[in-house]
1. In what order do Leu47, Leu58, Leu52 fall by count of nearby beta-carbon atoms within 10 Å, going from fewest to most?
2. Can you sort Arg51, Arg35 from fewest to most other Cβ atoms within 10 Å of each residue's own Cβ?
3. Once all Cα-Cα distances of the range 18-80 are split into 10 Å bins that start at 0, what whole-number percent is in each one?
4. In what sequence do Val24, Val69, Val75 fall when counting other Cβ within 10 Å, fewest first?
Amino acid sequence: MSAQPAKPKRPPKFPAAEHFAFSVTEAAELVGISRYTLYEFIREGALPVFRLAPKGDLRITADDLKAWVEKNRAVNAQAAAP
C-alpha cells in the first residue's frame, strides 16, 4: 500500500484578509470580547452594521471592524498615558 499524501493545513478560522464581512459572533471572537459586549457597542452606534436581507443577521465589514479596533486602541493608549 502506498502512503496517502498529507492533508493540507487548514487556514485560520477567520482570515480577515479573505472576508468582506463578519457575523457578530465572528467579529467578537476576532477582537477577543463577548458577543454581548459587541452588541452593546453596536447599540451605542460605535460600530456600523448592515443586514444581508431585511430580517437577516447583522454583519460587520472587515474595514469597519479594523477601523473600530484601531480607534479604540488609540483611545485606550491616550487614557493610559500619564
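1. Working: Leu47 22, Leu58 17, Leu52 9.
If I rank by nearby Cβ atoms, fewest first, I get Leu52, Leu58, Leu47.
2. Working: Arg51 10, Arg35 14.
Ordered by Cβ neighbours within 10 Å, fewest first: Arg51, Arg35.
3. With a bin width of 10 Å, the distribution comes to 21, 56, 20, 3, 0.
4. On the way: Val24 18, Val69 14, Val75 10.
Lowest count first: Val75, Val69, Val24.
Throughout, read-outs are computed from the coordinates displayed, never taken from laboratory work. Quantities reported herein were computed from a predicted structural model and do not represent experimental measurements. Note: ideal-geometry Cβ built from the backbone for every residue, glycine included; neighbour counts use all protein chains shown.
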